[in-house]
Amino acid sequence: MRMTKPRMGEKTFYATTPIYYVNAKPHLGHAYTTLVVDTLTKFKRQRGIDAFFLTGSDEHGINIERAAEAKGLPVRRHVDQVVDEFKTAFARLGVEYDRWIRTIDPHHEESVQKLWRILEKNGYIYKGNYQGWFCGYCNEFKDVDGDDEHPGCPIHQRPLDRLSEESYFFKLSEFGRPLLELYESNPEFVQPDVRRNEVISFVSGGLKDLAMSRVSVKWGIPVPGDPSHTIYVWFDALINYISALGWGNERYQDFDRYWPALHIVGKDILRFHTVYWPAFLMGAGIELPRTVFVHGMLLRGGQKMGKTLGNAIQLDVLHRYFTNDQIRYYLLREVAFGQDGEVTYQGLIDRSNSDLADGLGNLASRTLTMIRNYSGGVPHRPEIVQTGDAADVPRQIKESRSRFDAEFNALNFSRALEAAWAGIARVDKFITDHRPWKLAKDPTARPELERILATAYEALRHLVLLVAPALPVTSREIWSQMGLDGDPLQINPNETTWGGALEVSKIDRISPAFPKLDKEKIMAEIESDNARPEIAETKTQESTTTQPATTESATPPAAQPITIDDFVKVELRAATVLEAERVPKADKLLRLVIDLGETQPRQILAGIAQHYAPEDVVGKKIIVVANLAPRKLRGLESNGMLLAASVGDEDRPVLATFGEEVPNGARLK
Ligand code: MSP
């Protein structure tokens with residue numbers, strides 16, 4: 001068995017994201033891993049390393065088949081559509097990957113079958129019978145605690161059936177020792193340590209052979225020589241990391257150049273990447289990945305953001321209010337990479353305002369404005385060797401740069417950015433301490449003024465290079481406002497020296513790189529978006545396992561079916577709209593006064609103004625959630641929520657009503 005080769009000075013770099021399931025549209029959780037890998041490969045390339053960034057789509061299995069069925073589309077049409085949505089979403093975020101692998105690509109299928117044959121030839125695959133607990137509603141086998149004699153489906157809360165199905169197996173049980181040796185001898189293999197310990201403890205508990213095929217699943221890659229069986233989706237999916245480089249197929253010749261990879265994955269798919277994947281590779285005698293780095297989950301309200309809970313931040317909402325750089329910076333800076341992190345719109349606005357607008361943006365505009373106003377737009381060059389406190393600025397820049405690089409290479413993005421911002425703070429203080437606006441009034445202080453501005457300009461130049469991978473759009477913008485040529489992403493900060501000659505064109509176009517965000521206004525608009533019933537997400541069930549293997553994602557409580565006791569908590573009542581008017585400065589909101597059969601009419605706000613004029617709804621009978629806690633939108637209190645169906649691609653709201661006369665206040669149950 002070959003282990004990871006020693007790394008002799010990095011010339012090439014290969015980083016991957018997981019490949020995304022195409023059963024739902026992309027949200028911020030998916031964008032997270034992708035933006036991280038994009039930033040990381042930009043960082044490596046900027047330092048002259050030949051970096052390759054792979055992402056793609058995981059398109060086989062029963063869940064995908066079901067998603068297509070739910071849409072009434074042939075599976076191929078469905079997967080093509082969702083892959084397009086993912087690609088468009090990533091392109092809109094400014095992601096630049098080198099290759100997109102699809103598990104339906106013929107060259108991928110070729111590699112999967114080739115690896116299967118090698119494992120079979122090496123004696124690691126055998127045919128047997130899979131015995132397991134099956135949920136007829138989910139149509140899949142469930143992982144059940146060994147002692148449980150009457151297990152139920154965690155999703156449907158109904159008893160599971162004991163079923164048996166012919167299946168091929170992989171002798172995972174033979175890999176316990178080699179895997180433990182791998183984790184021991186190569187602590188880099190699973191990172192961070194908390195995940196490494198988790199895997200060690202899992203493998204130490206003993207490994208069972210892994211079911212590798214299903215006869216009842218058709219949408220997938222057939223087992224070579226036995227097409228009645230379809231290959232386990234995770235085996236199929238993991239191989240993407242090498243098939244995309246041309247291992248086992250003739251399509252590409254990149255395997256020798258780039259492998260081994262740094263895999264970046266979420267903690268929900270830890271076991272697949274750190275147990276199954278290295279075992280498959282060991283069994284076939286293929287070099288192992290360099291590192292599997294496991295990040296935490298983006299949370300909202302303390303829960304994993306995702307389709308299951310319907311609590312994901314939707315990318316189109318983000319794009320409505322924020323730029324790509326604001327989003328990218330916030331994710332990298334706010335969440336300690338490797339740990340879970342709560343993300344909020346408020347946090348995004350605060351970070352953008354404090355770090356970007358008031359931090360980097362302000363430093364850039366004050367420096368450039370002073371050079372334009374006091375030096376005719378032509379920056380002087382600083383001395384290569386500086387003295388006094390001016391010497392402290394290049395010292396801080398150097399320190400920021402080396403900390404930035406060390407932290408970035410260790411994937412501590414948040415701390416890397418903190419180091420860069422320590423540089424920004426130092427330069428800001430330097431400017432404030434020397435008060436160039438005062439010096440400008442004194443002709444004898446001219447040399448001193450030029451020295452201050454030259455130092456600030458030079459520091460800004462170095463800092464912009466440093467932050468460019470995390471702020472690819474605005475770093476280019478600031479660079480060009482600085483009168484500098486070229487693309488900061490293609491200039492290696494570590495080969496950029498302090499002072500010396502430089503070609504700079506005259507500075508005359510200065511505009512704020514990061515406009516200040518109006519928190520109250522944006523929050524009110526986002527809230528009124530949320531108040532639109534048509535954009536409230538349908539809470540659907542999500543299952544990550546489509547095969548008779550272990551599942552790692554427990555279904556969160558909020559996604560479970562509710563009982564009648566839960567339902568009766570929701571007080572749905574009939575009401576008539578008495579008055580309706582638009583809410584000033586909120587183009588989506590209508591303020592309604594409704595008769596709910598109570599002593600007093602009530603006020604509610606509804607996000608339907610783009611589809612219903614006030615006069616269309618006055619007199620209408622509607623259905624209202626009457627016991628929703630009051631909340632304020634645009635300073636107005638809403639005491640309930642009306643119900644509407646979401647119709648068509650644009651999610652047009654259609655008000656729910658009755659087929660016959662119903663008195664106000666009548667309860668729906
Ligand atoms: N198809 C598998 C991966 C196969 S890789 C050989 C899969 N797909 S996924 O679409 O469900 O998830 C892809 C990635 O998105 C995972 O790394 C997952 O952790 C990540 N995220 C999905 N929601 C997330 C958050 N809320 N937060 C952070 N990452 C999240 O699993």
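The values are calculated or read from the model by the stated rules, or taken from the named source; none is laboratory data. Please read these numbers as outputs of a predicted model, since none were measured by experiment. Cβ coordinates were reconstructed from backbone atoms using ideal geometry, including for glycine residues, and neighbour counts include every protein chain displayed. Calculation scope for accessible area: heavy atoms of the full protein, side chains included, ligands and nucleic acids excluded. Shrake-Rupley method; radii C 1.70, N 1.55, O 1.52, S 1.80 Å.
Looking at region 19-31, can you tell me whether even one residue there is within 13 Å of the ligand (Cβ to nearest atom), closer than 25 Å to residue 269 by Cα and of a type in the set (Phe, Trp, Tyr)? Within region 19-31 (the criterion being within 13 Å of the ligand (Cβ to nearest atom), closer than 25 Å to residue 269 by Cα and of a type in the set (Phe, Trp, Tyr)), the answer is yes, since at least one residue qualifies. From the list 407, 383, 418, 399, the lone residue that is of a type in the set (Asp, Glu), outside any helix (DSSP H, G or I) and either touching a residue at least 12 places away in the same chain (Cβ under 8 Å) or under 18 Å from residue 493 (Cα atoms) (or both) is 383.
Would you check if there is a residue in region 431-441 being touching a Ser or Thr at 6+ places or on another chain (Cβ under 8 Å), touching a residue at least 40 places away in the same chain (Cβ under 8 Å) and among the aromatic types (Phe, Trp, Tyr)? Scanning region 431-441 turns up no residue that is touching a Ser or Thr at 6+ places or on another chain (Cβ under 8 Å), touching a residue at least 40 places away in the same chain (Cβ under 8 Å) and among the aromatic types (Phe, Trp, Tyr).
Is it the case that some residue within region 267-278 is outside any helix (DSSP H, G or I), within 14 Å of the ligand (Cβ to nearest atom) and open to solvent by 10 Å² or more (accessible area, probe 1.4 Å)? No, that holds for no residue.
Please go through region 290-311 and give me each residue that is part of a loop (DSSP other than H, G, I, E, B), near the ligand (Cβ under 9 Å from one of its atoms) and open to solvent by 30 Å² or more (accessible area, probe 1.4 Å), ordered by number. Passing the criteria: only 307.
Return the pairs, sorted by first residue and then second, in which the second residue is near the ligand (Cβ under 8 Å from one of its atoms) and open to solvent by 20 Å² or more (accessible area, probe 1.4 Å), the first residue lies in region 11-28 and is within 21 Å of residue 243 (Cβ to Cβ), the beta carbons are less than 7 Å apart, and the residues are 6+ apart or on different chains. The qualifying pairs are 18/269; 20/30. For residue 261, the conditions (1) of a type outside the set (Asp, Glu); (2) open to solvent by less than 10 Å² (accessible area, probe 1.4 Å); (3) within 11 Å of the ligand (Cβ to nearest atom); (4) over 24 Å from residue 169 (Cβ atoms) all hold with the exception of (3).
Output the residues belonging to region 44-74 that are in contact (Cβ under 8 Å) with a residue 24 or more places away in the chain and of a type in the set (A, V, I, L, M). Result: 49, 51, 54, 62, 64, 67.
Look through 246, 283 and report the one residue that is more than 9 Å from the ligand (Cβ to nearest atom), part of a loop (DSSP other than H, G, I, E, B), open to solvent by less than 20 Å² (accessible area, probe 1.4 Å) and of a type outside the set (Phe, Trp, Tyr). If you could, list the steps in order and put the result at the bottom.
Values: 283 fails: part of a loop (DSSP other than H, G, I, E, B).
The match here is 246.
Among the residues of region 582-634, those that are of a type outside the set (Lys, Arg), farther than 25 Å from residue 659 by Cβ and in contact (Cβ under 8 Å) with a residue 60 or more places away in the chain comprise 586, 589, 605, 607, 633.
Would you be able to say whether some residue in region 174-187 is within 15 Å of the ligand (Cβ to nearest atom) and touching a residue at least 12 places away in the same chain (Cβ under 8 Å)?
Let us first name the residues in region 174-187 that are within 15 Å of the ligand (Cβ to nearest atom), namely none.
No, region 174-187 has no match at all.
Taken across region 470-491, residues that are open to solvent by less than 10 Å² (accessible area, probe 1.4 Å), among the small types (Gly, Ala, Ser) and over 20 Å from residue 512 (Cα atoms) do not occur at all. If you filter region 372-390 down to residues that are open to solvent by 40 Å² or more (accessible area, probe 1.4 Å) and polar (S, T, N, Q), you find that the one that is modelled with the highest pLDDT is 373. Scanning region 391-408 for residues that are among the β-branched types (Val, Ile, Thr) and either within 13 Å of residue 497 (Cα to Cα) or open to solvent by 20 Å² or more (accessible area, probe 1.4 Å) (or both) turns up just one, 397.
Inside region 312-344, residues that are without any contact (Cβ under 8 Å) to a residue 24 or more places away in the chain and open to solvent by less than 20 Å² (accessible area, probe 1.4 Å) make up a count of 1. Across region 331-379, what is the number of residues that are small (Gly, Ala, Ser), part of a helix (DSSP H, G or I) and more than 13 Å from residue 456 (Cβ to Cβ)? Residues meeting the conditions: 6.
Among the residues of region 1-18, which ones are under 16 Å from the mean Cα position of the chain (by Cα) and either at pLDDT below 95 or more than 11 Å from the ligand (Cβ to nearest atom) (or both)? Outline the logic, then answer.
Filtering region 1-18 for residues under 16 Å from the mean Cα position of the chain (by Cα) gives 15-18.
Matches in region 1-18: 15 only.
The residue that is nearest to residue 236 (Cα to Cα), counting only those in region 32-76 that are part of a loop (DSSP other than H, G, I, E, B) and either modelled with pLDDT under 95 or open to solvent by 20 Å² or more (accessible area, probe 1.4 Å) (or both), is 61.
Condition first: under 13 Å from the mean Cα position of the chain (by Cα) and open to solvent by 20 Å² or more (accessible area, probe 1.4 Å). Can you find one or more residues in region 349-371 that meet it? Among the residues of region 349-371, not one is under 13 Å from the mean Cα position of the chain (by Cα) and open to solvent by 20 Å² or more (accessible area, probe 1.4 Å), which makes the answer no.
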